[in-house]
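Taking it in order: structure first as structure tokens, then the write-up.
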């Protein structure tokens, strides 16, 4: 009986703990958890619309009750199998981890529907659990590649960011000089003009602040043209770095024990 219970505990641990899951990607159980999290977040968003509450309030209350039961069972199962993870020293250690405390906070919010806004905030915090699960499965390889790409191009990215900031500050200073007396509310100081510079360099162009003098418009056009190149520069750097990282990872998978001295 003890052997059967231990075997059941190990099977549950492999299905519920992403670090103990043997196959790549998330287990079917954890995929169900992610789906339940998304459903809970959707309910939290829809609950802010009064027309939806009037029409489907009873259905949402029933769905939240079912989700509470599901997440309570999941929490207890994770607590039960937590000692099987070598990184966990025991159930108490697992229960005091930030992710576990977040799970407990979500359960409390579901059990306390009269918390109002705080309950909605707790439900939205479930997004953090998706990140905790996803980074350990098949997505961890992609995230590692992304971090490797960022590290390999950190100097170039910092230089491009410095150049973009210099251009933004220079454009704001010029527009302050040219347009400051004409539009003091928008360009009466360099900090005020910085908002316009950010809009223009990122090519967002809200249109709430625009130059009105001929020289100001010429400077704005030059700033917008320069912004296209400066915004595209980090994108190109990251794309090249990510491509190199993927190529190296592919070579490592094809030749895991390759020795250049062979």
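The values are calculated or read from the model by the stated rules, or taken from the named source; none is laboratory data. Quantities reported herein were computed from a predicted structural model and do not represent experimental measurements. Because the Cβ atoms are built from the backbone with ideal geometry, glycine has one as well, and the counts that use them run over all protein chains shown.
Inspect all residues belonging to segment 149-159 and state whether any of them is modelled with pLDDT under 80, under 18 Å from the mean Cα position of the chain (by Cα), more than 14 Å from residue 234 (Cα to Cα) and in a helix (DSSP H, G or I).
No, every residue in segment 149-159 fails to be modelled with pLDDT under 80, under 18 Å from the mean Cα position of the chain (by Cα), more than 14 Å from residue 234 (Cα to Cα) and in a helix (DSSP H, G or I).
Go through (1) free of Cβ contacts under 8 Å to residues at least 40 places away in the same chain; (2) touching a helix residue (DSSP H, G or I) at 6+ places or on another chain (Cβ under 7 Å); (3) closer than 30 Å to residue 148 by Cβ for residue 205 and report which single condition fails.
Of the numbered conditions (1) free of Cβ contacts under 8 Å to residues at least 40 places away in the same chain; (2) touching a helix residue (DSSP H, G or I) at 6+ places or on another chain (Cβ under 7 Å); (3) closer than 30 Å to residue 148 by Cβ, the odd one out for residue 205 is (3).
For residues that are more than 17 Å from residue 85 (Cα to Cα), loosely packed, with under 11 Cβ neighbours inside 10 Å and modelled with pLDDT under 85, tally how many sit in segment 6-33.
Total satisfying the criteria: 1.
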